[in-house]
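First comes the structure, then the notes that go with it.
Values quoted throughout were computed directly from the atomic coordinates according to the rules given, and no laboratory measurement underlies them. Quick caveat, the model's predicted, so the values are computed rather than measured. Ideal geometry is used to build each Cβ from the backbone, glycine not excepted, and the neighbour counts take in all protein chains shown.
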Amino acid sequence: MNATPNDAHDDPASVDWAALAPEGGERIASLLGEVTRSDTALSELHDIIAFPAPGHTAAPRAVDFLVDAACSGQTPATDRWRPLSLLLELVSSHAEDLFPEPRDLAQWRDEVAWIVSTDTEKVLAQYRTWAEEAPDEQQRRRMANRLAVLELPYGAAALQAELDTFEALRARVPDLLELLKGAGNRGGMDRAGEWVSYLLAFLTPDAERIVAGITGASQVLLAKDLRPSRQAASSLRDMMDQALEGGAEPLPAELFALGALAGPDDIDLTVALTHQMAGGNLYNSFAASVALVMIHGSNTPREALRRIGRGGGTGSGYEGLFNESWPHCGERSPQVLGFLALGRAGDRARRLRLDILPGLIKGEEDSRALVTAAGLELVLGPRTRGATQEDHLSADYDEETLKVLWTIAELPARAWEDPELREVLAAWGLPEDPEEFRASVGVETEPEVVEPPAPAARPEPPQAQGGLFGRLFGGGR
């Protein structure tokens, strides 16, 4: 497998990386040469060019070298994940901004053009206003994250480089699609097909050709690929076996990508995803169900929502099932991104999201403020309504709202030390003090139970150990 020839990126040493990345740029060429075989090189390169580090201005030039490394016939299939994982981080910075609704490329371009040509203070003031007046949490996240970058000394240059990196990746879609093919790219741990599916899912302006590439690689997805021809195998079963031997079974990551990219008018794909949803593979069934929600939004078939809920009740739970099919981007877990994405179905997915939310509020420390804000928006409406503590004291909330408020009330003391969480509560007029909060939502504080020290164990004579431990450590049969 060879990358598309291009003299401009034949040799990393030909680029003046130090000029592009004053902090660590002199090391980029050597790190690019080692990135496919060294976790250390991958980590160090990420630290230099990740968004919004000062060296991110070098990221657009690094894209071609990383794609070349992933696609090269000299790179073992087991090592292609390294450059692909870095490319994913570059294209999915602030992934929480991209769900439930994808970013509009034309608007993004206009926004960046305005930023780099306008006085910094004027831009900062405008973004502060946009963040304060945002109609929903997704828009507020976008504005707040953009504002945080703009407050950096090199913020405008970093935002320009973020857009340029995205455009550079779009130019390499044909090469990246090749990594969906072949058993080597589709089988085993850290398979290239999985990583490239995650990456391609964020290139929404190229949806049509990416969807065609995924369905072409996963031959069992579309019914039309299974219609026997006169020269084909003697039975449909034979064709299925041949497809599976060639690594054509859909990867859960591919189903995620289809959900992010496909449109509701693609009837063949909807039928194919429905078959996957009803199949015996738990992970593919869950991924296909979520994909149908992302594609059809408020018109999602009820069965897809039901299947997602059933998946949450299995041993894998929501966390395990999202981990199998959704990417982990930066600080955001797959389950957090999936929870946000399900918002595309609006009220149709309300109960499902409320089922997922308590586990996120309690378990996702890095994203606790984010998911709490999303949950409060779900049950109380947008933060811009301007509710006060008095409003909450006199309100008669339904069971769903109380479920969210009581989940917050049960958070441990250390969670209340998070200034971001307290800011979220204040935005909805809720008390920032845990005791006041619990009192306002009708949760009584239980006294802390101090357990007495355990009595000292009596010495026992040595005995032969049976069972598994005996086999491992001796003494048993």
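Before moving on, here are some points about what is shown:
- Cα-based Rg / Dmax (Å) for segment 355-441: 11.6, 32
- Its Cα centre serving as origin, the chain has a Cβ charge dipole (Lys and Arg +1, Asp and Glu -1) of approximately 1860 debye.
- Listed values for segment 292-305 are Karplus-derived 3J(HN,Hα) couplings in whole Hz (6.51 cos²θ - 1.76 cosθ + 1.60, θ = phi - 60°), namely 5, 5, 5, 6, 9, x, 5, 9, 4, x, 4, 5, 5, 5, and x replaces Gly and Pro.
- In the chain, a dipole from Cβ-located charges (positive for Lys and Arg, negative for Asp and Glu) runs towards its positive end, and of 271, 113, 17 it is 271 whose Cα lies farthest in that direction.
- In order along segment 403-415, the Karplus-derived 3J(HN,Hα) couplings, from 6.51 cos²θ - 1.76 cosθ + 1.60 at θ = phi - 60°, round to 4, 5, 5, 5, 4, 5, 4, 8, 5, x, 4, 5, 5 Hz, and Gly and Pro are given as x.
- With 0.36 nm allotted per residue and the present C-alpha distance subtracted, the residue 103-residue 157 stretch has 17.5 nm of extension available.
- Segment 355-441 - percent relative contact order, Cα under 8 Å, separation 6 or more: 37 percent
- Put simply, the amide H of residue 99, placed in the peptide plane, has no neighbours under 5 Å, leaving out anything fewer than 5 places away on its chain.
- The charge dipole of segment 355-441, taken about its Cα centre with unit charges on the Cβ of Lys, Arg, Asp and Glu (plus for the first two, minus for the last two), comes to roughly 80 debye.
- Distances between placed amide hydrogens fall under 5 Å for residue 441 paired with no residue 5 or more residues away or on another chain.
- Cβ-defined net charge surrounding residue 372, 12 Å radius [Lys, Arg +1; Asp, Glu -1]: -3
- Taking a Cβ cut-off of under 13 Å around residue 144, the surrounding Lys, Arg, Asp and Glu residues balance to a net charge of -3, with basic ones at +1 and acidic ones at -1.
- Between residue 37 and residue 384, the modelled label-to-label distance comes to 5.5 nm, taking each label 7 Å out from Cα in the direction of the beta carbon.
- Length-normalised contact order of the chain in % [C-alpha pairs under 8 Å, at least 6 apart]: 11 percent
- Calculated from backbone phi, Karplus (6.51, -1.76, 1.60) coupling profile of segment 54-62 in Hz, x at Gly/Pro: x, x, 4, 5, 8, 4, x, 6, 6
- Pairs of C-alpha atoms in segment 76-144 farther apart than 15 Å represent 67 percent of all such pairs.
- Cα-centred dipole magnitude for segment 1-134, charges only on beta-carbon of K, R (+1) and D, E (-1), debye, nearest 20: 240 debye
- Measuring spread by the Cα atoms of the chain yields a radius of gyration and Dmax of 25.5, 81 Å.
- Fully extending the segment from residue 208 to residue 365 would add 52.8 nm, taking 0.36 nm per residue of separation and subtracting the current Cα-Cα distance.
- Modelled label positions at residue 113 and residue 436, each set 7 Å beyond Cα in the direction of Cβ, lie 4.8 nm from each other.
- Local electrostatic count, residue 309, Cβ distance below 9 Å [Lys/Arg +1, Asp/Glu -1]: +3
- Shown is the FRET efficiency for residue 120 and residue 399, computed with R0 = 45 Å from the Cβ-Cβ distance and rounded to the nearest 0.05: 0.40.
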